[in-house]
Amino acid sequence: MMKSKLNIHSGLRTFTRLVIVTAVFQVSSGCSSDKETAAPIAPIAVRIENPQIRDISEHLTYIATVHATSEIPVMAQIQGTVVSTPIEEGQTFKEGDLLVKLSSPELNALVDKLSSEHEYWSNHLKEDLNLLNTSSISQQQVDVSQKAFETSRASLSEAQSRLNNTKEKAKLSGWILKKYVEDGQHVLPGQALLLIGSDSTELHVEVVQEDLRKGIEIGYLVSFRINSSESIDSRVSSIASVTTGAGRTFTVKIPVPSSIAQVLRIGETLPIDFVLEQKEQVLSIPETAVLNKNNKPVIFLVRANKAVRTPVALGLSQSGWIAAEFDWNGVDQVAISNVADLSDGDSVYPVKN
């Protein structure tokens, strides 16, 4: 009986060892299989851009308004009624164009009367001169006729000059800025009829004191665009010595080049840039390429589909680009997306921006 029990115990121990060995083998086999089938790390997709050599400037952007360089009021010279103002506000005119036509029946009547008087004394003087040649009248009588003739001529000339003032014609080319009267309105001498502007124009900008202290002064470079074409440059011509408006700003004036003066309408607004600093033909990269911009900035160059962490020194920025100094071979492109997810040596999948 004792021998039978020993055999049973021995068999159980052997069975237990087999179970343990089998389990260990299965676990070991499973780990080995996991290592062999583990997927490789996928490359990080990044958009890339070529560094560029370009001009970059630091600037202050303001909104400017187009004004005529000079503004001139057109005043009524006589009493009369407005017949027409043929050119509308905002339209241009040329030298000699009719701006305002007035009607003055009283002046017309006066000119007719003085014309008749002048004709009378002209004929009377001719008769007296003929009589003088035949000694029929004295020189004194001729002198009286001569004086009356000259007086009538002067009076007619003055009346005709006043009648000519019923038509106001442009003495220069320019713009109609404002109409102060309507057709049919009665006006008096000295009353404003129109406000006209010269055909030369300038930009007016209201600049705050803090920005003036950054160095804006007469002769300062200003850049602006009127469409998608190349930039147009001008320079500050004057700065007001006193502030205006509730914002206590200073009016800065900038001439518009004559080549584009007729393109800009009076009252039109457009953005302008005061150029504080300018760098020409410097190596530049998109600002989105920079990591840690304010503290030890770096970028990631893409070389053979690998990210190369590269320190960079930054300069002026403009329109999303920033001047940058870094070790560049002239070929590598720079990552501009997912930059914060990159580490030096990471595999990347570059996508052209």
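Across segment 297-304, computed HN-Hα scalar couplings (Karplus, 6.51 cos²θ - 1.76 cosθ + 1.60, θ = phi - 60°) run x, 9, 10, 10, 6, 10, 9, 6 Hz from first to last residue, x flagging Gly and Pro. Within a straight-line Cα-Cα reach of under 19 Å, Lys306 can be paired with the following lysines, leaving aside sequence neighbours fewer than 8 residues apart in one chain: Lys352. Ordering 249-259, 338-348, 207-217 by mean Cβ neighbour count within 10 Å, with the highest value first, yields 249-259, 338-348, 207-217.
Projected over every direction and averaged, the convex hull enclosing the alpha-carbon atoms of segment 166-277 yields 10.2 nm². Within the shell of other residues whose beta carbon sits under 14 angstrom from the beta carbon of Thr288, the net charge comes to -1, with Lys and Arg scored +1 and Asp and Glu -1. Sorting 163-170, 129-136 by their mean Cβ neighbour count within 10 Å, with the most densely packed peptide first, gives 163-170, 129-136. With a threshold of 29 Å on the Cα-Cα distance, the over-threshold entries among Lys253/Lys293; Lys214/Lys253; Lys113/Lys179; Lys113/Lys147; Lys214/Lys293; Lys214/Lys279 are Lys253/Lys293; Lys113/Lys179.
This structure gives Cα extents along the principal axes in Å, computed directly, and of [x] 55, 47, 40; [y] 193, 43, 36; [z] 91, 61, 37 that value is listed as [y].
Counted by Cβ distance under 13 Å from Thr201, the other residues give a net charge of -2, where Lys and Arg count +1 and Asp and Glu count -1.
Tell me the net charge near Leu156. Cut-off is 12 Å between Cβ atoms, Leu156 excluded, with +1 for each Lys or Arg and -1 for each Asp or Glu. That sum, taken over residues with Cβ under 12 Å, equals -2.
Computing Rg and the Kirkwood Rh from the Cα coordinates of segment 76-197 gives a ratio, Rg/Rh, of 1.24.
Our helix-only sum for the chain, with -39,500 (n - 2.57) per DSSP H run of n ≥ 4 divided by its residues, gives a mean residue ellipticity at 222 nm of -9500 deg cm²/dmol.
Put simply, segment 81-128 fits an ellipsoid with semi-axes of 39, 14, 4 Å; these come from the alpha carbon gyration tensor as the roots of five times its eigenvalues, largest first.
No lab work stands behind these numbers, since they all come straight from the coordinates. In this text, all values refer to a predicted model and were calculated from it rather than measured experimentally. With ideal geometry, Cβ positions are generated from the backbone for all residues, glycine too; neighbour counts draw on all protein chains shown.
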